[in-house]
Each structure stands twice: as structure tokens, then as C-alpha cells.
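Okay, structure first, notes after.
The values are calculated or read from the model by the stated rules, or taken from the named source; none is laboratory data. Here the structure is a predicted model, which is why all the values come from computation and not from measurement. In this analysis, Cβ positions are derived from the backbone assuming ideal geometry, glycine residues included, and neighbour counts consider all displayed protein chains. With ligands, DNA and RNA removed, areas are computed over all heavy atoms of the protein, side chains included. Shrake-Rupley method; radii C 1.70, N 1.55, O 1.52, S 1.80 Å.
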Amino acid sequence: MYLTIFGTSDIVKEHIKSAKKNNIKIFGIYTSRGKRDLKKIQKKFHNIDIFFNIKVCIEKSILTKNCHFLVASSIKNNEKILREICKYDRKILVEKPVFLKSNKFDKFLKYEKKIFVGYNRVFYKNLNNIPKLLKKNKLKYGSIKIPEINKQNILINSCHIISILIHLFGPLNLNFVIKKKDYIFCVLKNKSNQIFFVEFNFNSPENFSIELNFKKFKYIFKPIETLKIFDRINKKKIRSINVYKPNLLRQVNETELTGNKPGFDIQYKYFKKFASGHLINFPNLKFAKRIITLCEKIIM
């Protein structure tokens, strides 16, 4: 299997590492930067053919058997690139969020069986143990903290956290929202009436976190790559003062499970199956549109 890449941002290097780990060869890279940056690009992507003409790049890719596409360009270029490549019988991996407006997805939904969206965090091993836990333990509620730069960045960056919630708990409705200059607080609810309190705190010196509260356990992802599981409170007396400390049952760091960017290796494993004809129900365009639609409601 081969992969043609659109875009030369730093994230492309991570894609190449995980693609190669899954025995996917890189056919070439298209850049819209122009030949003035050729030396920089060649240094960054050693021994990979560089294309400056998008039509030539696509034509040569299509002539190559089992060659598919990765779109990791600037978000503003995605519509133009997808319009060019969706007409061909090849599979496409697109970096999230694809578009920043939910109505932009509509004209491409007919190509849903061709497009796989790169929400890599839904492939975290720690997170994908949660569905098994939910079968045995009732979730009381979830508490999510998201430090952000501004409202617009919720669409670009915080969408990753929303993708995790929708992946684990299904479609979410916005039940309540408070919008202030420095923060947005909202309550999300799914079809099972599970409640999620989400706080977007602009320019806050904290980390992304997801806390899932069960009857007997607390699961804390903080940062999202690190899972801590607590099961009770330990009480100690220090100098006649009672000290209460949660008992850490287990801790697993996602970054220690792979040498590459977390979630990318498994993401490419699934994309390889998708490219060979297997139906993958997530993360597809409908999933991506659902995320951006919810983000729009939160910030509007």
C-alpha cells in the first residue's frame, strides 16, 4: 500500500512514522508552498518525491496501484483538495477537524465511504477500556476541563476532547451553557441521560482533563495521555491532623505504550483496513460533522 500526502506541516512527520510502522510506503508529498521552500522541505522529508502541481501529483498517484491519500494541509485548503481527489476510487485520511463550519461537510457526505477522519485520540488504548467498564459499572457523571486560547480554538483543538466524549458515550446534546469573556461552562447529556460538566477556561494554567466518576472508582485522564485510577480514600494521621489521600490503584501513560505519537499507530492500522475495503463506522465524516456541530452550539 502507498500513501500520497497533501501538506508539509510538522504533524506530517508523525503520520509518516506510523504509516511506515504499518508497512505503508510514502509515494510522494504535495506542497502548496512553492519551490522557494524546496530545500527546507527536502531536508524535512528526506528521500520523498515532492510535487508542486496538484494535478500532476494526483495523476501519478492514481496510476500507482493501491495508492491512497492523506490530507494534512491547512484547514482552509481541505475543500479544494477533497474536491480534486474524492472523484477517484481511493481512500482518504483527513486530519481533524476537516472543516470549521458544519455546513461545509454536507457536500462531501456522499463520499463518506471514502473518507476516514484523523481523530487519533479515539484510538488511545486507555480510553478504549472504558466501554468494558461501563458494562459493569454505572457512570455517575463526567467532569471535563479544557484550557483554551479563545472560543475559535474550540473548533480547531478542543474538538479532540469532544471527539472522545462522543466516541465513548454517543451523541451529546447541549443542555445548558454559560458564556463569559474568560470561560464557557456547559452541561452535555447523552441518550442514556449521563451528564457531563464541561469547562472551557481561556488561558488557564492547567491541563486538559477528563474525570469519570463511578460508584466505586474514579478515572482521571490528566493530561489525556495519562490515566490514573482511584478506588478509595486513605486516611492517615500526621501530627494529630487527619490527612485524606485518594488511593491510586493504577496509572498508565499512553506515551509509554508506543514510540510514536499516541493513537497514530492504531489509527493507521484501522485506516489500512479501511483502505482494503473494511467498513469502519468511526471516525467518519458524520462523526466529524457531529463534533463540529456541537462545538458551534457551544461557542455561538
Exercise. Starting from residues that are surrounded by fewer than 16 Cβ atoms within 10 Å (Cβ to Cβ) and at pLDDT 95 or above, keep the ones in the stretch 196-210 and report whichever is nearest to Lys286 (Cα to Cα).
Key: Phe197
Exercise. Inspect all residues belonging to the stretch 49-61 and state whether any of them is within 24 Å of the chain's Cα centre (by Cα) and buried (at least 21 other Cβ atoms within 10 Å of the Cβ).
Key: no
Self-check item: Pairs where the first residue, in the stretch 82-105, is among the aromatic types (Phe, Trp, Tyr) and the second is not in a helix (DSSP H, G or I), C-beta under 8 Å, 6+ apart
Solution: Phe105/Val98; Phe105/Phe99
Quiz prompt | Filtered residues of the stretch 263-300 (kept if among the small types (Gly, Ala, Ser) and either touching a Ser or Thr at 6+ places or on another chain (Cβ under 8 Å) or within 22 Å of Arg90 (Cβ to Cβ) (or both)) | solution = Ala275, Ser276, Gly277, Ala288
Self-check item: Extreme residue, farthest from Phe69 (Cα to Cα), among residues of the stretch 116-141 that are under 20 Å from the mean Cα position of the chain (by Cα) and either assigned to a strand (DSSP E or B) or of a type in the set (D, E, K, R) (or both)
Solution: Lys125
Practice problem: May I ask you to say which residue of Leu70, Leu63 is among the hydrophobic types (A, V, I, L, M, F, W, C) and under 30 Å from Ile299 (Cα atoms)? | Solution: Leu70
Quiz prompt | Among the candidates Leu188, Leu165, residue that is at pLDDT 95 or above, part of a strand (DSSP E or B) and surrounded by 13 or more Cβ atoms within 10 Å (Cβ to Cβ) | solution = Leu188
Exercise. Could you pull out the residue among Lys138, Lys113 that is more than 30 Å from Glu256 (Cα to Cα) and at pLDDT below 95?
Key: Lys113
Quiz prompt | Pairs with Cβ under 6 Å, 6+ apart, first in the stretch 195-206 and of a type in the set (S, T, N, Q), second open to solvent by less than 30 Å² (accessible area, probe 1.4 Å) and part of a strand (DSSP E or B) | solution = Asn201/Pro147; Ser204/Pro147
Exercise. Give the residues of the stretch 218-254 that are open to solvent by 90 Å² or more (accessible area, probe 1.4 Å) and of a type outside the set (A, V, I, L, M, F, W, C), sorted by residue number.
Key: Lys222, Arg232, Lys235, Lys236, Lys237, Arg239, Ser240, Tyr244, Lys245, Arg250, Gln251
Quiz item: Can we say Lys215 is within 23 Å of the chain's Cα centre (by Cα), surrounded by fewer than 16 Cβ atoms within 10 Å (Cβ to Cβ) and touching a residue at least 60 places away in the same chain (Cβ under 8 Å)?
Solution: no
